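K.L.:
Below is a structure I'd like to ask you about.
Here, each number is a calculation from the coordinates, and none is a lab measurement. Bear in mind that the values here come from a model prediction, so they are computed numbers and not experimental data. Note: ideal-geometry Cβ built from the backbone for every residue, glycine included; neighbour counts use all protein chains shown.
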Ligand SMILES: [Fe+2]
Ligand SMILES: [Fe+2]
């Protein structure tokens, strides 16, 4: 599978997990916490593998380098926002507010990757290479999930 399809499939999975989480209430704390941990693992696996495979490639080209750097910053922001959510009382309204902000930012990030960066990457990466990157991404993603012990 091409790297773009792999990444997009992962985005869809993460988006549906975020929708499920957004629908939880402060009374279902256990579910909320469990889903958040699951989301954290899958998000970290996604971003780590994406950085090592996709971003590594687009950082090396002048046409995508600046935008790639900006987008990488958003990975850091997402991690920080997630840490903040973890430090917030899961029964509180603040928790849901922070989560909603995090979700919106991340959805926006996915959209930019899909609509903009993938399009630009297609111009600098051959189809064979994109297929190969897709395989490497998949292997790496699984490795990170295993390392995180989930
Ligand atoms: Fe990303
Ligand atoms: Fe992504």
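K.L.:
Computed on alpha carbon atoms, what radius of gyration and Dmax characterise the stretch 3-147, expressed in Å?
P.N.:
16.0, 50
K.L.:
When the helices in the chain are scored as -39500 (n - 2.57) per DSSP H run of 4 or longer and the sum is shared across all residues, what 222 nm value do you end up with, to the nearest 500 deg cm²/dmol?
P.N.:
When only DSSP H runs of four or more count, the value is -26000 deg cm²/dmol.
K.L.:
Still on this structure, please answer the following. Would you look at the GNM of the chain, springs on alpha carbons closer than 10 Å, and say which of 119, 103, 48 moves the most?
P.N.:
Maximum among the listed residues: 119.
K.L.:
How would the stretch 35-89 be classified by its alpha-carbon gyration tensor: rounded, prolate or oblate, with rounded meaning a/c under 1.5 and the a/b versus b/c comparison settling the rest?
P.N.:
In terms of gyration-tensor shape, oblate.
K.L.:
How do 16, 77 line up, fewest other C-beta atoms within 10 Å first?
P.N.:
16, 77
K.L.:
What ranking do 47, 31, 25 get, fewest neighbouring Cβ atoms within 10 angstrom at the top?
P.N.:
Neighbour counts put them in this order, fewest first: 25, 31, 47.
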